[in-house]
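The values are calculated or read from the model by the stated rules, or taken from the named source; none is laboratory data. What you see is a predicted model; the values in this text were computed from it and never measured. Every residue, glycine as well, gets a Cβ built from its backbone with ideal geometry; the counts of neighbours run over all protein chains shown.
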Amino acid sequence: MLSSRARGPLCMARNGWQGTLYVGEATMATRVEWPIGRTTVLLALLGGLLAPAGARAQEPIVPLQFSFSDPGARSMGFGGAFVALADDATAAFANPAGLVQLVRPEVSVEGRHWSFSTPFTLGGRAEGLPSGYGIDNVVGLRTATSDTSLNTLSFLSVAYPGGRWSVAVFRHELANLEFASETQGLFSGGTDCCQIRAFDQRVTTDLKFVSYGVSGAYRLHERFVAGFGVIHYRTSMSAQATVFYPDDDSLESLFGPTSYLPERAVGSQTFFGEDTDWGVIGGLLWSPSDSWRVGGVFRQGPRVALSAEITAGPALAPEVTPGEVLARDESEVQFPWLLGLGVAYRAPDGGLTVGFQWDHIPYSSILETAGFDDQAVDDVDELHLGGEYVFVRATPVVALRAGVWLDPDHQIRSTSDEPVSRALQPPGKDQVHFTFGAGVAFRSFQVDVGVDLADRVNAFSVSGIYSF
């Protein structure tokens, strides 16, 4: 049980506004900092509802756990080192130049299972040592993960070859992500002086990218092929963070767990948008010899219009109607393009194939176009390596695959000087993915399976190709 005669002043900081609450001899200074980047003036005015103090924009929590991996279970089994091969209908998205290698019309379909484990800050100490009151008893941060699983029809295409040229239409689900977190009991401040508790918050994110496109390829030379395509992106995104007071104003609640009572919600910050955009894709494929291939692809990312709102909660202030929109902003966010280069070797007997691929993805374009200057995300260089062994004399033909690829950290992190902001948005970690796969090819039908294993993301793929 906590005493109201706690030693020294205790501060209650809830991620902008400042006021003072006295509980016995304990002084609780409350500061609220709202997480939105372009509405500082409105937020400062909003802060005046409670006290004459400015408001500062704080970072939104939007995890980036989508990848730009190529479609198809075969590509997955190769560790994504597929740009220099691209010898089936998935080439429509992976590298359209590869479509010219088809000899018969093909229909390709893929289903994927995604399993995400996204880390977030659960609570603990952003700085200083714990006071020992209630749940403020942990040195350092407490973390947890948001675990979600999704099943999707990730790819569908129809390809038609015509000799020196080929054409294909496709649908590809580039990203499908759900995230949910609860942060409570995040403390900072001096151990013997002023204890600061950040606002407890609930965060949800839902992100989906689907693309529809037309790709074509033309053989310019016996050993050189060029491809081009047009992509229509459909994007749906929603991210909301709701902040709460503790269950009541007692000292026990101020240092205790939160029940996230609806009537104690201070307000919400929401990013949302449904938008469409067009992009282009271009690819090259060069065969310097019968065994070696070099490939490249450039794929443009979509530009997405997003809205951001701050809405009042029931516990904000009596003069503010719950649900009232207090601030609103509009922006356009440019999602990154991809440049991929690769090389592949295939043994003369067709049994062994080895591929390597380098992908450059400038994730920094997201924050640069959104206008957030207190966050950062790194551009990355992915490295993919994979191999396949085909039992060419078997009936049906059987293939085994394995690969590995490096997924560098591209988590949005805070660059603020404030420890709470840094605790809520820490840097992530590089991930190494290990992949395995197998395939069985009949005369007109092929089935492939692939698995991609990493610390934060696991994926399982089943795809089929029918040629006629």
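Considering only residues that are among the hydroxyl-bearing types (Ser, Thr, Tyr), in a strand (DSSP E or B) and more than 30 Å from residue 262 (Cα to Cα), which ones fall in the range 187-231?
211, 212, 215, 218
Before we move on, is residue 305 on the phi < 0 side of the Ramachandran plot and at pLDDT below 90?
Taking the combined requirement at face value, the residue does not satisfy it.
Would you mind telling me which numbered condition in (1) touching a strand residue (DSSP E or B) at 6+ places or on another chain (Cβ under 9 Å); (2) part of a loop (DSSP other than H, G, I, E, B) residue 393 fails?
All conditions are met except number (1).
Give the number of residues within the range 100-114 that are outside any strand (DSSP E or B), of a type in the set (A, V, I, L, M) and under 14 Å from residue 157 (Cβ atoms).
Summing the residues that are outside any strand (DSSP E or B), of a type in the set (A, V, I, L, M) and under 14 Å from residue 157 (Cβ atoms) in the range 100-114 gives 1.
I'd like the full set of residues that are surrounded by fewer than 18 Cβ atoms within 10 Å (Cβ to Cβ) and out of contact with any Phe, Trp or Tyr (no Cβ under 7 Å at 6 or more places or on another chain), limited to the range 338-355.
Of everything in the range 338-355, those that are surrounded by fewer than 18 Cβ atoms within 10 Å (Cβ to Cβ) and out of contact with any Phe, Trp or Tyr (no Cβ under 7 Å at 6 or more places or on another chain) turn out to be 347, 348, 349, 350.
In the range 188-204, which residues are surrounded by 21 or more Cβ atoms within 10 Å (Cβ to Cβ) and modelled with pLDDT of 90 or more?
Correct list: 200, 201, 203.
Within the range 234-242, is even one residue touching a Lys or Arg at 6+ places or on another chain (Cβ under 9 Å), more than 26 Å from residue 314 (Cα to Cα), modelled with pLDDT under 90 and among the small types (Gly, Ala, Ser)?
No: the range 234-242 contains no residue that is touching a Lys or Arg at 6+ places or on another chain (Cβ under 9 Å), more than 26 Å from residue 314 (Cα to Cα), modelled with pLDDT under 90 and among the small types (Gly, Ala, Ser).
For the condition within 29 Å of residue 438 (Cα to Cα), β-branched (Val, Ile, Thr) and over 28 Å from the mean Cα position of the chain (by Cα), what is the one hit in 353, 321?
Answer to the check: 353.
What pairs can you find where one residue is in the range 159-173 and within 12 Å of residue 96 (Cβ to Cβ), the other is among the polar types (S, T, N, Q), and their Cβ atoms are less than 6 Å apart, with a gap of 6+ or different chains?
What qualifies is 168/157; 168/215; 170/157.
Tell me, which residue of the range 407-440 that is modelled with pLDDT of 95 or more and either surrounded by fewer than 16 Cβ atoms within 10 Å (Cβ to Cβ) or of a type in the set (Val, Ile, Thr) (or both) is farthest from residue 461 (Cα to Cα)?
Among those that are modelled with pLDDT of 95 or more and either surrounded by fewer than 16 Cβ atoms within 10 Å (Cβ to Cβ) or of a type in the set (Val, Ile, Thr) (or both), it is 432.
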